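A.B. asks: Can you read through this structure? Questions will come right after.
The values are calculated or read from the model by the stated rules, or taken from the named source; none is laboratory data. Small disclaimer: the values here were computed from a predicted structure and weren't measured. Using ideal geometry, Cβ is built from the backbone for each residue, glycine included, and neighbour counts are taken over all protein chains shown.
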Amino acid sequence: MITIERYSKAWEQEAKGLRVSADQEVFTVSSVVETVSVLSSQEHPFLILMDGKPVGFFLLDLAYSSTVDFAADDTIGIRALLIDERYQGQGIAKQAICSLPAFVQRTYPHCNRLQLTVNCRNEAAYRCYLKCGFEDTGECYLGGPAGPQHIMQREL
């Protein structure tokens, strides 16, 4: 069973073990614990759990619209999503991403849209977001560290 839980210090030891393969490191964070240690109050970290065990991570950015020029004020950004390399290919990302709209509506009722960018070279992630109801806006974000990124969104 896949669930989402807010990251807390209690998960630090298990979160240290979350990794992606070397070829995926360019698309996400390399250390969950380091990332969490430098977040602003508007960046909320979450773990993706499978049967109560952390297998993934992502951030919800409540200040996304002040970070990028394409997001409206009622938008929450999804950032740094990763599934540990040992658990990839099992449909975990799809289950977690498909559950995000309902989770965000319950947790952040002021939000009307989820938005994210996905690197144009990260075809697997792009297809996964499409399968989960995200739409490609047809525009690219050019401010990413690893090249152009598709701008994707899902209305809530």
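A.B. asks: Going by what's in this entry, would Tyr87 be described as buried (at least 16 other Cβ atoms within 10 Å of the Cβ), among the aromatic types (Phe, Trp, Tyr) and either within 18 Å of Gln149 (Cα to Cα) or under 14 Å from the mean Cα position of the chain (by Cα) (or both)?
C.D. replies: On the way: buried (at least 16 other Cβ atoms within 10 Å of the Cβ): yes; among the aromatic types (Phe, Trp, Tyr): yes; either within 18 Å of Gln149 (Cα to Cα) or under 14 Å from the mean Cα position of the chain (by Cα) (or both): no.
No; evaluated as a whole, the condition is false for this residue.
Okay, residues lined up against (1) touching an Asp or Glu at 6+ places or on another chain (Cβ under 8 Å); (2) among the β-branched types (Val, Ile, Thr); (3) not in a helix (DSSP H, G or I):
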| residue | (1), (2), (3) |
| --- | --- |
| Gln90 | no, no, yes |
| Pro101 | no, no, no |
| Tyr129 | no, no, no |
| Gly133 | no, no, yes |
| Gly138 | no, no, yes |
| His150 | yes, no, yes |
| Arg154 | yes, no, yes |
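A.B. asks: Continuing with the same structure: Taking into account only those residues within segment 103-127 that are more than 17 Å from Val29 (Cα to Cα), of a type in the set (S, T, N, Q) and not in a helix (DSSP H, G or I), which is nearest to the chain's Cα centre (by Cα)?
C.D. replies: Gln115
A.B. asks: Sticking with this one: Kindly provide the set of residues from segment 73-111 that are farther than 26 Å from Ser21 by Cβ and either among the hydroxyl-bearing types (Ser, Thr, Tyr) or in contact with a strand residue (DSSP E or B) (Cβ under 7 Å, 6 or more places away or on another chain) (or both), ordered by number. Break it down into steps so the answer makes sense when it comes.
C.D. replies: Restricting attention to segment 73-111, the residues satisfying the condition of being farther than 26 Å from Ser21 by Cβ are 73-76, 101-111.
Selection gives Asp74, Thr75, Ile76, Pro101, Phe103, Val104, Thr107, Tyr108, Cys111.
A.B. asks: Please enumerate the residues belonging to segment 36-67 that are in contact with a strand residue (DSSP E or B) (Cβ under 7 Å, 6 or more places away or on another chain) and over 24 Å from Ala93 (Cα atoms). Reasoning before the result, please.
C.D. replies: At the first step, the residues of segment 36-67 found to be in contact with a strand residue (DSSP E or B) (Cβ under 7 Å, 6 or more places away or on another chain) are 36, 39, 42-50, 54-62, 64-65, 67.
If the condition is that a residue be in contact with a strand residue (DSSP E or B) (Cβ under 7 Å, 6 or more places away or on another chain) and over 24 Å from Ala93 (Cα atoms), then Ser65, Thr67 are the ones that fit.
A.B. asks: Restricting attention to segment 75-83, does a residue exist that is modelled with pLDDT under 95, surrounded by 14 or more Cβ atoms within 10 Å (Cβ to Cβ), of a type in the set (A, V, I, L, M) and more than 27 Å from Leu142 (Cβ to Cβ)?
C.D. replies: No, segment 75-83 contains no residue that is modelled with pLDDT under 95, surrounded by 14 or more Cβ atoms within 10 Å (Cβ to Cβ), of a type in the set (A, V, I, L, M) and more than 27 Å from Leu142 (Cβ to Cβ).
A.B. asks: Scan segment 1-31 residue by residue and report those that are over 16 Å from the mean Cα position of the chain (by Cα), among the small types (Gly, Ala, Ser) and not in a loop (DSSP other than H, G, I, E, B). So that I can check it myself, show each step before the final result.
C.D. replies: To start, the set of residues in segment 1-31 that are over 16 Å from the mean Cα position of the chain (by Cα) comprises 1, 8-14, 16-17, 21-23.
Subset that is among the small types (Gly, Ala, Ser): 8, 10, 17, 21-22.
Selection gives Ala10, Ala22.
A.B. asks: Now for a different question. Output the qualifying pairs, or none if there are none: Cβ atoms under 6 angstrom, residues six or more apart or on different chains, first residue in segment 99-110 and of a type outside the set (Asp, Glu), second residue surrounded by 14 or more Cβ atoms within 10 Å (Cβ to Cβ) and part of a loop (DSSP other than H, G, I, E, B).
C.D. replies: Qualifying pairs under 6 Å: Pro101/Leu156; Val104/Cys111; Gln105/Leu156.
A.B. asks: Now for a separate question. Could you please give the count of residues in segment 32-60 that are under 14 Å from the mean Cα position of the chain (by Cα) and either exposed (fewer than 14 other Cβ atoms within 10 Å of the Cβ) or not aliphatic (A, V, I, L, M) (or both)?
C.D. replies: Matching residues across segment 32-60 total 8.
A.B. asks: When both residues are 6+ apart or on different chains and their Cβ atoms are under 6 Å apart, which pairs have a first residue that lies in segment 25-48 and is in contact (Cβ under 8 Å) with a residue 40 or more places away in the chain, and a second that is of a type in the set (Asp, Glu) and assigned to a strand (DSSP E or B)?
C.D. replies: Qualifying pairs under 6 Å: Leu47/Glu5.
A.B. asks: With the structure loaded, tell me whether Ile48 is assigned to a strand (DSSP E or B), among the hydrophobic types (A, V, I, L, M, F, W, C) and either at pLDDT 95 or above or on the phi > 0 side of the Ramachandran plot (or both) or whether it fails that test. Step through it out loud before you land on a result.
C.D. replies: Working: assigned to a strand (DSSP E or B): yes; among the hydrophobic types (A, V, I, L, M, F, W, C): yes; either at pLDDT 95 or above or on the phi > 0 side of the Ramachandran plot (or both): yes.
Here the answer is yes, as Ile48 does meet what is asked.
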